[in-house]
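These notes concern the structure reproduced below.
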Amino acid sequence: MEARRAHERALHDGVLQDLVAASVRLQLARDLVTTDPDAAIALLDELRNDVHDALDRVRGVADEIYPSVLGVRGLPDALRHAVRRAGVTAEVNATGVGRYAEPLEAAVFFCCRALLAETATAITLRDDGERLLLEIDGVEANDEARDLAEAAGGSVTAHTQRVTASFPRDRGSLP
């Protein structure tokens, strides 16, 4: 719920305001075309940069909601992407992990993201044939990760500075 509110704020307070300002500035540029073409061109150049910035913010919000790298390249690359975005230096090991149905990949990804902390040192993703196992060293379990795992039929177990999340493959593996 809090994540949804954060996304709504990012859209309303950031992107929407940028687009409203761009619309006003476009009207100004339109008015300047006949009276001061050089000023109109300069304003349009500024607007192009502003629109590119707004697009980057939209991509950022979209990435928070559902990262495109997850759908395109799968869990290992999506976890590496999440680690980079979080500013964490943890190594991601996902040898032998294939593609799975979207709900399973999303559950594992968002659970991992909920567990990421600056203290994370290693992330291991493995498939034991029945379950997809996510282990993160250097972190503590939290309610958000537990809720995400349980919603996918999985569980989260906390050890000393290690969290293991387990997800049933049969709820979302691809043939």
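Results, tabulated for the structure shown:
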read-out: Selection from the range 72-83 of residues that are surrounded by 13 or more Cβ atoms within 10 Å (Cβ to Cβ) and either more than 24 Å from Glu118 (Cβ to Cβ) or in contact (Cβ under 8 Å) with a residue 60 or more places away in the chain (or both); value: Arg73, Gly74
read-out: Checking Ala10 against (1) modelled with pLDDT of 90 or more; (2) closer than 28 Å to Arg113 by Cα; (3) surrounded by 13 or more Cβ atoms within 10 Å (Cβ to Cβ), the condition it does not meet; value: (1)
read-out: Residue within the range 22-37 that is buried (at least 17 other Cβ atoms within 10 Å of the Cβ) and modelled with pLDDT of 90 or more present; value: yes
read-out: Matching option when the condition is modelled with pLDDT of 95 or more and loosely packed, with under 14 Cβ neighbours inside 10 Å, among Thr95, Thr157; value: Thr157
read-out: So Gly87, is it of a type outside the set (Lys, Arg) and more than 30 Å from Gln17 (Cα to Cα); value: no
read-out: Test result for Leu43, in contact (Cβ under 8 Å) with a residue 24 or more places away in the chain, part of a helix (DSSP H, G or I) and farther than 30 Å from Phe110 by Cα; value: no
read-out: Which listed residue, of Ala86, Ala90, Ala120, is small (Gly, Ala, Ser), within 20 Å of the chain's Cα centre (by Cα) and surrounded by fewer than 17 Cβ atoms within 10 Å (Cβ to Cβ); value: Ala86
read-out: Qualifying residue in the range 141-152 (condition: out of contact with any helix residue (DSSP H, G or I) (no Cβ under 9 Å at 6 or more places or on another chain), buried (at least 16 other Cβ atoms within 10 Å of the Cβ) and either more than 18 Å from Gly96 (Cβ to Cβ) or not assigned by TED's automatic domain parsing to the domain that holds Arg99 (or both)); value: no
read-out: Condition met for Phe109 (within 19 Å of Pro67 (Cα to Cα), crowded, with 16+ Cβ neighbours inside 10 Å, touching a residue at least 12 places away in the same chain (Cβ under 8 Å) and out of contact with any Ser or Thr (no Cβ under 6 Å at 6 or more places or on another chain)); value: yes
read-out: Residue check, Ala42 surrounded by 13 or more Cβ atoms within 10 Å (Cβ to Cβ) and closer than 20 Å to Glu144 by Cα; value: no
read-out: Those strands (runs of 3 or more DSSP E) lying entirely in the range 64-139 with at least 3 residues closer than 18 Å to Val163 by Cα and in contact with a Leu (Cβ under 7 Å, 6 or more places away or on another chain); value: 122-127, 131-137
read-out: Residue under evaluation Arg5, criteria (1) surrounded by 12 or more Cβ atoms within 10 Å (Cβ to Cβ); (2) closer than 30 Å to Gly154 by Cβ, criterion not met; value: (1)
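The values are calculated or read from the model by the stated rules, or taken from the named source; none is laboratory data. As the structure is a computational prediction, the values presented were derived from the model and not from experiment. No Cβ is skipped: glycine too gets one built from the backbone with ideal geometry, and neighbour counts run over all protein chains shown.
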